[in-house]
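A.B. asks: Before anything else, here's the structure in question.
Laboratory data are not the source of any read-out in this text; all were calculated from the coordinates shown. Here the structure is a predicted model, which is why all the values come from computation and not from measurement. Methodologically, a virtual Cβ is constructed for each residue, glycine included, from the backbone with ideal geometry; neighbour enumeration extends over all protein chains shown.
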Amino acid sequence: MPSYSQVDPVWLARQLPDLTDLQALASGGQKQVFAARHATDGEVVVKLMHPGTDPARTERELEAATKVRAARMPRIFERGQLTGNTGTIVWFREQRIPSEVLSARIQAGTLSHHELLRLALHVSETLVAAEAVSIVHRDVKPANIIVDLQDEFWLIDFGVARHLDLESLTATAAPGGCGTIVDAEDKFCRNCGVEFGPMLGQQDMEWVRLWDTDATAILGQYDAAVLAAQEARVGWDAAVLAAQEARVGWGT
């Protein structure tokens, strides 16, 4: 079980002297997160895993961040270990994206249709890139999506991701464990050597396949429909203008 330590920024600054302006950002079940500035890499985020956190999960989170080739995935710059009062602390430093967490954005108001489509496309692109290297995120939620200053959506935190080419770290049907819904053959859906693909009903698997059909094509159809509507509006405006001109001509 992890020991939920709260690292003092002053102590951390002494351990990592190449960082300045250290500020605590958040703390969760697996890690504590700080914002900082690095002389070479600029604005960064430093994540410290709580002592006792399963090192295999940490390794897999770092592996996912390295393997998934997506346009909107923060880069890992450096990693290491520290020794604190409660034990060994694994840390890594990654690219900081000036952004707002999606959960906070939607509390302030509803996303527009354009923003929703952009959200669907950007998150889908990252999920497809992860699927290409046999990784399933398993924790897609507003708290794990950030919106940058260009209104682009970044999917973050692969801490509980399922690596389909590796043995699962979560036993099948374990209390509190994450399910792995994936469009793949049953033999690729194992937790600790137990196949669980058949546990998903055929209707559920079909729903997953339909959802994953082709988000880009759907968005393309939407863009085409918008363009057609705009062209129709231009044609309508031209017809109205011609009618007005004809009426002026009739009156004279």
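A.B. asks: Which of rounded, prolate, oblate describes region 9-95, given a ≥ b ≥ c as roots of the alpha-carbon gyration tensor eigenvalues and a/c under 1.5 marking rounded, otherwise prolate only if a/b is larger than b/c?
C.D. replies: Oblate is the answer for region 9-95, as a/c is 1.5 or above yet b/c matches or exceeds a/b.
A.B. asks: Order the peptides 81-90, 104-113, 65-74 from the highest to the lowest mean number of other Cβ atoms within 10 Å of their residues.
C.D. replies: 65-74, 81-90, 104-113
A.B. asks: If you don't mind, there's one more thing I want to ask. What length, rounded to one decimal in nm, is gained on full extension from Q23 through to R233, with 0.36 nm per residue of separation minus their alpha-carbon distance?
C.D. replies: Full-extension gain reported as 70.4 nm.
A.B. asks: Could you give each residue of region 100-111 its phi-based ³J(HN,Hα) in whole Hz, using Karplus coefficients 6.51, -1.76, 1.60 with θ = phi - 60°, and x for Gly or Pro?
C.D. replies: Taking θ as phi minus 60°, the curve returns 10, 5, 4, 4, 6, 4, 6, 6, 7, x, 6, 5 Hz for region 100-111.
A.B. asks: What percent of all Cα-Cα pairs in region 1-52 falls into each 5 Å bin, going from 0 up to the bin containing the maximum distance?
C.D. replies: 5, 22, 31, 22, 14, 5, 2, 0
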